[in-house]
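Working notes for the structure below.
The values are calculated or read from the model by the stated rules, or taken from the named source; none is laboratory data. The structure displayed is predicted, hence computed values, not measured ones. Heads up, the Cβs are rebuilt from the backbone with ideal geometry, glycines too, and the neighbour counts pull from every protein chain shown. Accessible surface areas use protein heavy atoms only, side chains included; no ligands, DNA or RNA. Shrake-Rupley method; radii C 1.70, N 1.55, O 1.52, S 1.80 Å.
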Amino acid sequence: MFPQLVSELPDPFPLVSKKHSGPFLWIAAPGHYEFPHFDADDNLLAPIVGRKRVRMWAPQDFERMYPNRLGSKGRTVQFQVNGDAPDFDRHPLARGLRCWEVTVEPGQMLFIPAFTIHQVTSIDPCISLNAFFGDEGKNDFLAKLCRPPRLGAFSYWLTNIAEQNREVRKRARACVGAGACRHATPGQSITPLS
């Protein structure tokens, strides 16, 4: 978010050795909230100033939280159920869902596992950091995602990425078919890089 500050700050997550992205700096007014969503990586959230309320739902409940339609843009999958005021007439499957709620304060850090649905609300004016990371080893993280309780949510996320790129694939085929691309001509085969 502010790359020019990175060199001036110590690593806020020194125990995390396999960061996928971050740290990210978030500045929010009181009452600001992120719709329920899940991230594809494990996540650490650390408020610096102000408190945040975090509500979490289990990954296996993702269908009962009414995910946005496949192909919705973004790195995350967002959900239609409002954790502050669920509308059970519109979202009847959300009735009876188990929700965990915690308030995270400066000096504390919250671990949010990959594909855990969460809604974050700033209680006070808030400045916080978060970073996304994976497990040690070559394939441990992917192996974890391919087992219950995350498998269904992971599959939906992966399908969402494919749907997001459906139009890109169509345009690329049309471009090649029309001879409009500089790097490919109709009928030309493209050899993948090894």
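Table for the structure above
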read-out: Condition met for residue 98 (part of a loop (DSSP other than H, G, I, E, B), modelled with pLDDT under 85 and open to solvent by 60 Å² or more (accessible area, probe 1.4 Å)); value: no
read-out: Close pairs (6 angstrom Cβ cut-off, 6 or more residues apart or separate chains): within 12 Å of residue 150 (Cα to Cα) in region 30-45, open to solvent by 20 Å² or more (accessible area, probe 1.4 Å) and among the polar types (S, T, N, Q) anywhere; value: 39/76
read-out: Extreme residue, farthest from residue 79 (Cα to Cα), among residues of region 148-166 that are free of Cβ contacts under 8 Å to residues at least 60 places away in the same chain and not hydroxyl-bearing (Ser, Thr, Tyr); value: 165
read-out: Residue that is farthest from residue 99 (Cα to Cα), among those in region 46-70 that are assigned to a loop (DSSP other than H, G, I, E, B) and modelled with pLDDT of 95 or more; value: 50
